[in-house]
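The values are calculated or read from the model by the stated rules, or taken from the named source; none is laboratory data. If you're wondering where the values come from, they're calculated on a predicted model, not measured in any experiment. Cβ: placed from backbone, ideal geometry, glycine included. Neighbour counts: every protein chain shown. These accessible areas exclude ligands, DNA and RNA; they are computed on the full protein's heavy atoms, side chains included. Shrake-Rupley method; radii C 1.70, N 1.55, O 1.52, S 1.80 Å.
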Amino acid sequence: MGVNFMANIEYDPERQLFHLHNDTFSYVIQVIRGYLVKRYCGPALDHFSGTAKLEDFSHAFNIQNDAAPYSLTTLPLEYSTLMGGDYRTPAYAVRNGHGQLIGNLKFDHYQILAGNESFNGTLPTARTPHGQTLIITMHDETQTLAVRLKYTIVGDLPVLLKQVEYRNLTDTTLTITHAASLQLDFDDHAYDLITLTGAHLNEAKVTRQPLTPGKKSIGSNYGASGPQGVPATILAAPATNEFAGEALGVTLLWSGNFNYTAQVDQFDNSRLVMGLNPELFAWQLKPGKPFVTPEAAVAYTNDGLNDLSRIFHRFFADHVMPLPRKNLIEYNTWETTYFDVSEAKILAEIPKAEELGVELLVIDDGWFKNRPNDAGQLGDWVPDPVKFPHGLRPVADAIHARGLAFGLWVEPEMISENSELYATHPDWAMQYVGQKPLRSRNQLILDLSQRIVQDHLITVLTNLVRDNHIDYLKWDYNRHFSQPGSPVLPPDQQGEVGYRYTRGLYRVLKTLRDTFPKLLIENCSSGGGRLDGGMIAYTDQTWTSDFTDPVYRMKIMNGFSLFFPLKIFVSHFTASPNLQDARLTPLHTRALLSLVGITGIECPPSQLSPAEAAAVKASFAFYKANRKELQNGLLFRLRPSHVNQDEVCWLITNAAKTKALVLTSVGVTSPIPHYQHVLLHYLDPRLSYQIDNTKNATGLELNHAGVTLPLAHGDFSATLMELTAVTNLPQPTAAPTLDQITTQS
Ligand code: DGJ
């Protein structure tokens, strides 16, 4: 990140106008009659004079108040509540000692600070060394509630962060029942709403639909963010496509219950509110104890959805994720043996895995005491004496002796009733008083809202990692909340459990990361069920789906790629017939599509057929030679993400655009052969590229005239085209080529 990118916040005291901007983006807020009003959000402006007027007349049924001549239900407000004149979806609801809503907030004072001041050290916060922060403090007229709105403009990207802190100004408790991280008002509704929704084995389905009168809400009350919905959405102008047009994306750095609502109101204005899900939430705001919402990030572009994704990818990679490290090619035991892992089996796989080019061996579920299946003993984390008679350490040592890394699966947030932990601490499980515990996958959830439970996990995981020289943890989470009660919280604080749980989870993860800065952590929730801006702040990579069919995994990653960078996606070479849908997929496709993000293998190396072994070996060698692009490259979608989602076509390049790969994957092919052309759009137009070590063309031509993709051969095929810049650059090196990986089988 260059220091020449700087954010600036200017305040014009005469007009009470704040202009937050950097080189590419401006956001303008004005105090009008004491209310905080959004005046502009878009490309950077030198100066905001306010040529676009605010509506200064009121409609019938307007509630008269001191905003006149403006009406509170048509003003584009920054953060508003119900029953004070604004009838739109509220951003907050706080009740006072009378049980009544605390009315409209008005500007009190502001501060401008360098960087990003975190309102709460445990919640994920973006790093913004070259950013600037504006904090506006608002009070209600009874001086009961203070709300601090934090706006941080990121220095090098068109990104604005928003976070809110509530303070109780009285000496009696207030109750927060709704606390959004952001509200964005627009004086029109000419947008399409793009959402990611899904299910286990079917994550990140992209839907694009016009905003229409009424409300559209996506949310989670599952305790985790997904997979039913991802806390991230886009408002795009109707003409916006992957390559051009206006789009505004919003996401939360949060992994728990959330909600966002897009509303078109009676006057055809629109509003987007995103934050905690009010459904199960109620927080006792005690005097002197602030409450902080998750941080939200707003990104803006005029250059299409790929550019919006580029901004989010850089935002997450440079400002949110742990500092960069090399993610390793993994052999994972799950689809090899399921729960039936053992010392003997893993040791037997080492030589073959090494020969294939594997860098990390991971023992998945089943390694601990009494775990023959998923009814087993979660919570104790002691190696099974039969499967691992000498513990895990000799396995780790044997793997390390070959120069490879050692990884282990854990599901720390869970507890089984047959565990010793449960026998000793039944009150550490989440539960409702007097009601039979509801299991899912035979397990209960630990009550991470309790600090003692967090401390226990920190100790257990620290010892596990330290004693066994663990280099990598796969952090899984395989059930959702039911009966979200905490045995130790008083009745009036039971609505706090979800928030306290997620905050507790972050504390455990953060402590572990601080203790073991080199430890790699993979985020998993039965696949991509908790892929969000919060988890990626503490993890290095994400298992995007338990559906390991390569063609469908591409489709899932294509959806996630709207927001999340290539470097977090994990793609493993898996068996055919596939273990979830029994589909037979060509070997070529299986090998090729395991290359994106972080590659690996999930079938037993020793049991591969000679053809499979050769394909995997060649693909890992190709991966190592092209790691810069395949693991850390820029990813551009060359086909629309929401149309025919079975067909994916990506351009992957390095940052300098001197190396590029065009990767396609198709579902069921048409019987009518038809050439498919794609424009590459994002190559450097000044460079000349060699295509597949054969012909040359300029970036300009490739961007505008495009390339013809190879004809798809049969269902579920995949293709790769390699482009290497040749202008003023050394000739391409003799890295293994696609043909060497495998031929169609
Ligand atoms: C769900 C994960 O997504 C799988 O990869 C595997 O780790 C299982 N859990 C183990 O129980």
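Among the residues making up the stretch 362-392, those that are under 22 Å from Leu512 (Cα atoms) and either in contact with a His (Cβ under 7 Å, 6 or more places away or on another chain) or within 15 Å of the ligand (Cβ to nearest atom) (or both) are Val362, Ile363, Asp364, Asp365, Trp367, Phe368, Leu378, Gly379, Trp381. If you go through the stretch 532-556 and keep only what is more than 15 Å from the ligand (Cβ to nearest atom) and hydroxyl-bearing (Ser, Thr, Tyr), you end up with just Tyr538. Looking only at the stretch 506-531, residues that are within 16 Å of the ligand (Cβ to nearest atom) and closer than 22 Å to Gly226 by Cα come to 11 in all. When each of Ser619, Ser606, Ser571, Ser576 is tested for being within 20 Å of Leu356 (Cβ to Cβ), part of a loop (DSSP other than H, G, I, E, B) and not aromatic (Phe, Trp, Tyr), the lone residue that passes is Ser576. Identify, by number, the condition in (1) open to solvent by 10 Å² or more (accessible area, probe 1.4 Å); (2) within 26 Å of the chain's Cα centre (by Cα); (3) not aromatic (Phe, Trp, Tyr) that Val497 doesn't meet. All conditions pass for Val497, except number (1). In summary, Arg503 fulfils each of the numbered conditions (1) within 28 Å of Leu566 (Cβ to Cβ); (2) open to solvent by 20 Å² or more (accessible area, probe 1.4 Å); (3) under 21 Å from the mean Cα position of the chain (by Cα); (4) more than 16 Å from the ligand (Cβ to nearest atom) with the single exception of condition (1). Note on the stretch 506-532: residues that are surrounded by 20 or more Cβ atoms within 10 Å (Cβ to Cβ) and either modelled with pLDDT under 95 or assigned to a helix (DSSP H, G or I) (or both) amount to 4. Scanning the stretch 329-338 for residues that are open to solvent by less than 30 Å² (accessible area, probe 1.4 Å) and in a loop (DSSP other than H, G, I, E, B) returns Ile329, Thr333.
Filtered by the rule that a residue be within 16 Å of the ligand (Cβ to nearest atom) and open to solvent by 30 Å² or more (accessible area, probe 1.4 Å), the stretch 475-489 gives a lone residue, His480. Considering the stretch 141-162, the residues that are open to solvent by less than 40 Å² (accessible area, probe 1.4 Å) and assigned to a loop (DSSP other than H, G, I, E, B) include one that is farthest from Val250 (Cα to Cα), namely Thr144.
Cβ-Cβ distances below 9 Å connect the following pairs, each with a first residue in the stretch 175-188 that is modelled with pLDDT under 95, a second residue that is assigned to a strand (DSSP E or B) and not aromatic (Phe, Trp, Tyr), and a separation of six or more residues or different chains: Asp187/Ser270; Asp188/Ser270. Residues in the stretch 393-434 that are of a type in the set (Gly, Ala, Ser) and within 16 Å of the ligand (Cβ to nearest atom) were compared, and the one that is nearest to Lys474 (Cα to Cα) is Gly407.
Candidates are the residues of the stretch 423-436 that are buried (at least 21 other Cβ atoms within 10 Å of the Cβ) and in contact with a Gly (Cβ under 7 Å, 6 or more places away or on another chain); the one that is nearest to Gly600 (Cα to Cα) is Met430. Within the stretch 704-744, the residues that satisfy the criterion of being β-branched (Val, Ile, Thr), surrounded by 14 or more Cβ atoms within 10 Å (Cβ to Cβ) and modelled with pLDDT of 75 or more are Val707, Thr719, Thr724, Val726.
A quick yes/no check of all residues on (1) closer than 18 Å to Ser571 by Cβ; (2) of a type in the set (S, T, N, Q); (3) away from the ligand (no atom under 16 Å from the Cβ):
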site	(1), (2), (3)
Met321	no, no, yes
Thr333	yes, yes, no
Thr336	yes, yes, no
Asp340	no, no, no
Ile346	no, no, no
Ile350	no, no, yes
Glu359	yes, no, yes
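Conditions tested, residue by residue: (1) buried (at least 22 other Cβ atoms within 10 Å of the Cβ); (2) hydroxyl-bearing (Ser, Thr, Tyr); (3) in contact with a Ser or Thr (Cβ under 8 Å, 6 or more places away or on another chain).
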residue: Ala60; (1), (2), (3): no, no, no
residue: Asp66; (1), (2), (3): no, no, no
residue: Tyr87; (1), (2), (3): no, yes, yes
residue: Ala93; (1), (2), (3): no, no, yes
residue: Ile112; (1), (2), (3): no, no, yes
residue: Gly121; (1), (2), (3): no, no, no
residue: Thr125; (1), (2), (3): yes, yes, yes
residue: Thr128; (1), (2), (3): yes, yes, yes
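Per this entry, Leu680 is counted among residues that are open to solvent by less than 60 Å² (accessible area, probe 1.4 Å), outside any strand (DSSP E or B) and either within 30 Å of Asp192 (Cα to Cα) or without any contact (Cβ under 8 Å) to a residue 24 or more places away in the chain (or both). Could you list all residues from the stretch 220-253 that are hydroxyl-bearing (Ser, Thr, Tyr) and under 27 Å from Asn269 (Cα atoms)? Within the stretch 220-253, Ser220, Thr233, Thr240, Thr251 meet the criteria.
What number goes with the only condition from (1) within 16 Å of the ligand (Cβ to nearest atom); (2) of a type outside the set (Asp, Glu); (3) open to solvent by less than 20 Å² (accessible area, probe 1.4 Å) that Leu566 does not pass? Among (1) within 16 Å of the ligand (Cβ to nearest atom); (2) of a type outside the set (Asp, Glu); (3) open to solvent by less than 20 Å² (accessible area, probe 1.4 Å), Leu566 violates only (1).
Look at (1) open to solvent by less than 10 Å² (accessible area, probe 1.4 Å); (2) at pLDDT 95 or above; (3) among the polar types (S, T, N, Q); (4) within 15 Å of the ligand (Cβ to nearest atom) and you find that Thr599 fails only one, number (4). Screening Glu701 with (1) of a type in the set (Asp, Glu); (2) within 20 Å of Lys624 (Cα to Cα); (3) modelled with pLDDT of 80 or more; (4) surrounded by fewer than 18 Cβ atoms within 10 Å (Cβ to Cβ) gives one miss only, at (2). Quick check: is even one residue across the stretch 541-552 at pLDDT below 95, open to solvent by less than 10 Å² (accessible area, probe 1.4 Å) and in contact with a strand residue (DSSP E or B) (Cβ under 6 Å, 6 or more places away or on another chain)? For the stretch 541-552, residues at pLDDT below 95, open to solvent by less than 10 Å² (accessible area, probe 1.4 Å) and in contact with a strand residue (DSSP E or B) (Cβ under 6 Å, 6 or more places away or on another chain): present.
Let's see how each residue does on (1) of a type outside the set (A, V, I, L, M, F, W, C); (2) in contact (Cβ under 8 Å) with a residue 60 or more places away in the chain; (3) not in a loop (DSSP other than H, G, I, E, B):
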site: Val453; (1), (2), (3): no, no, yes
site: His456; (1), (2), (3): yes, no, yes
site: Thr462; (1), (2), (3): yes, no, yes
site: Asn478; (1), (2), (3): yes, yes, no
site: Ser482; (1), (2), (3): yes, no, no
site: Val488; (1), (2), (3): no, yes, no
site: Arg503; (1), (2), (3): yes, yes, yes
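Conditions tested, residue by residue: (1) on the phi > 0 side of the Ramachandran plot; (2) open to solvent by less than 50 Å² (accessible area, probe 1.4 Å); (3) not acidic (Asp, Glu).
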site	(1), (2), (3)
Glu359	no, yes, no
Ile363	no, yes, yes
Phe368	no, yes, yes
Arg371	no, yes, yes
Ala375	no, yes, yes
Val382	no, no, yes
Pro385	no, no, yes
Ala398	no, yes, yes
Glu411	no, yes, no
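Hey, can you tell me all the residues within the stretch 163-222 that are of a type in the set (Gly, Ala, Ser), buried (at least 20 other Cβ atoms within 10 Å of the Cβ) and more than 26 Å from Glu496 (Cβ to Cβ)? Once the filter is applied, which keeps residues that are of a type in the set (Gly, Ala, Ser), buried (at least 20 other Cβ atoms within 10 Å of the Cβ) and more than 26 Å from Glu496 (Cβ to Cβ), the stretch 163-222 yields Gly198, Ala204.
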